[in-house]
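Below: one structure, written as structure tokens.
Please treat every number below as a calculation from the coordinates, not as lab data. The shown structure was predicted, so the numbers you read here are calculated from the model rather than taken from an experiment. Every residue, glycine among them, receives a Cβ derived from its backbone with ideal geometry; neighbour counts consider all protein chains shown.
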């Protein structure tokens, strides 16, 4: 009830401001991903959504840097929520090989969605522009994902499917395998659809890891 009453209290001007900020962030994300942060001007961001020059600073007083900060934070939070939900919803009763293959498919789909893919491109290209606390926060978010994967693997250790190894290191091995392949295929080769070659490569790697991990 409190949430609905708060929404009702928003004026048309408030709603317009929220929509304008959203449009500015989406436009800036597209331009930063395509041209880079330094090669994108504030005027371009304004004009791409038909907004008068200078109004960007009304919504983002610190200019492009504040927009970049917002893009990175919002997208990282969103991506982490999607991956956390993916890990929570994974079929834990399935054979471990099937579970890991499905986990890879879910991560591919999450990372290659338009918003996440563009934000990751910006993150890679503009890493020197990130503040120390932002870099720390992104790394901490990655570690939280590793912890969740480790929890899934610990359950398989307890039921005797896997050897009693360091589950956090196992999770890091798995995540690194997934990430390096997705980075190569998506950000270097420009493949956004999961194809048979990628699946075959990942399955071979999953089988190798399971040979090392299983009793």
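Mind pulling the angle between the C-alpha long axis of helix 132-158 and the longest principal axis of the chain? Nearest 10 degrees, somewhere in 0 to 90. Long axis of 132-158 versus the principal axis of the chain: about 30 degrees. The rule of thumb for compact globular proteins, 2.2 N^0.38 Å, goes into the C-alpha radius of gyration of segment 71-213 1.06 times.
Dimensions of segment 1-61 along the principal axes, based on C-alpha atoms and rounded to the nearest Å, stand at 45, 21, 19, largest first.
Reducing segment 42-99 and segment 175-215 to their Cα centroids gives an inter-centroid distance of 25 Å.
The calculated pair-distance distribution of segment 92-146 uses every alpha carbon pair, bins of 10 angstrom beginning at 0, and gives 20, 38, 29, 12, 1 percent. Helix 167-182 and the longest principal axis of the C-alpha atoms of the chain enclose an angle of approximately 60°. So how tilted is helix 12-35 from the main axis of the chain? Cα-based, degrees 0 to 90, rounded to 10. Computed tilt is about 60 degrees. Only helical runs count toward this figure. For the chain, summing -39,500 (n - 2.57) over DSSP H runs of n ≥ 4 and dividing by all residues gives -24500 deg cm²/dmol at 222 nm.
Shown here is the pair-distance distribution of segment 149-215: with all Cα-Cα distances grouped in 10 Å bins from zero up to the longest one, the shares run 20, 45, 26, 9, 0 percent. Ordered by the number of other Cβ atoms lying within 10 Å of each residue's own Cβ, fewest first, 12, 70, 27, 41 fall into the sequence 12, 41, 70, 27. Kirkwood analysis of segment 1-159, using all unique Cα-Cα pairs, places the hydrodynamic radius at 18.1 Å.
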